[in-house]
Amino acid sequence: MKIAILNGSPRLGNTAAMVNAFAEGAKEAGHEVEILHVGKMKINGCLACEYCHGKGEGKCVQKDDMEKVMPAYKEADMIVYASPIYYFDMTAQILAAIQRVYAIGKPAKAAKSALLLSSASPAPYEGAIATYKAMLGFTGVEDAGIITAAGDENGSEAKLAEIRAFAKAL
């Protein structure tokens, strides 16, 4: 299985550790993994100009780093979204990457998806999970699971082992 991981964190830290643990487990299980650091990319939000559904034939009018991400959306069998929580939701960077999939409607091959979230606080995940579930409902992609890490769980060997085991079991 080809897995694309979209890391929405603009810096190294807890989310990067979660992404790396997932990638390790998935690779151990024989999956091909591509990590896209969308949190460090220049990706603009969707303009709702409809160019992609008219003249663009599925291509966005904007020319930015989304051109590096779109092949993963088209080729991956599974997409993993990973983000720290910034003010009750995923980062603006990963949300822009999610919204720009509008150009193709839904990931072409992806049948599964997962969500990895980290936060210093114990319970700010509701908005991010609602966004994720709404997206899956629209695209028809199956939720393989959601893993959160709060406070001291972040970066702990127990949490990283849980993530590796989750990925390995896919």
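All of the numbers you see were taken from the coordinates with simple rules; none came from a lab. Keep in mind that what you see is a predicted model, and the values were worked out from it rather than measured. Reconstructed Cβ throughout: ideal geometry from the backbone, glycine too, with neighbour counts over all protein chains shown.
Partners of residue 133 within straight-line reach, counting lysines whose Cα lies under 22 Å from its Cα and excluding those fewer than 8 residues away in the same chain: 2, 74, 106, 109, 112. Residues 65, 152, ranked from the fewest to the most other C-beta atoms within 10 Å, line up as 152, 65.
In terms of other Cβ atoms within 10 Å, 22, 88, 166 run from fewest to most in the order 88, 166, 22. Partners of residue 159 within straight-line reach, counting aspartates and glutamates whose Cα lies under 15 Å from its Cα and excluding those fewer than 8 residues away in the same chain: 24.
Computed from the Cα positions only, the extents of region 2-168 along the three principal axes stand at 50, 36, 27 Å, in decreasing order. Full extension of the chain between residue 42 and residue 61 gives 5.4 nm of extra length, using 0.36 nm per residue less the Cα-Cα distance. Among DSSP beta bridges lying fully in the chain, give the percent that are antiparallel, nearest 5. The antiparallel proportion sits near 5 percent. Shown for 139, 148: other C-beta atoms within 10 Å of each C-beta, ranked fewest to most, produce the order 139, 148.
Determine the gain in length on full extension of the stretch residue 12-residue 32; use 0.36 nm per residue of separation and subtract their C-alpha separation, reporting nm with one decimal. In short, 4.9 nm is gained.
Each label was represented as a point 7 Å from its Cα along the Cα-to-Cβ direction; for residue 53 and residue 138 these points are 1.0 nm apart.
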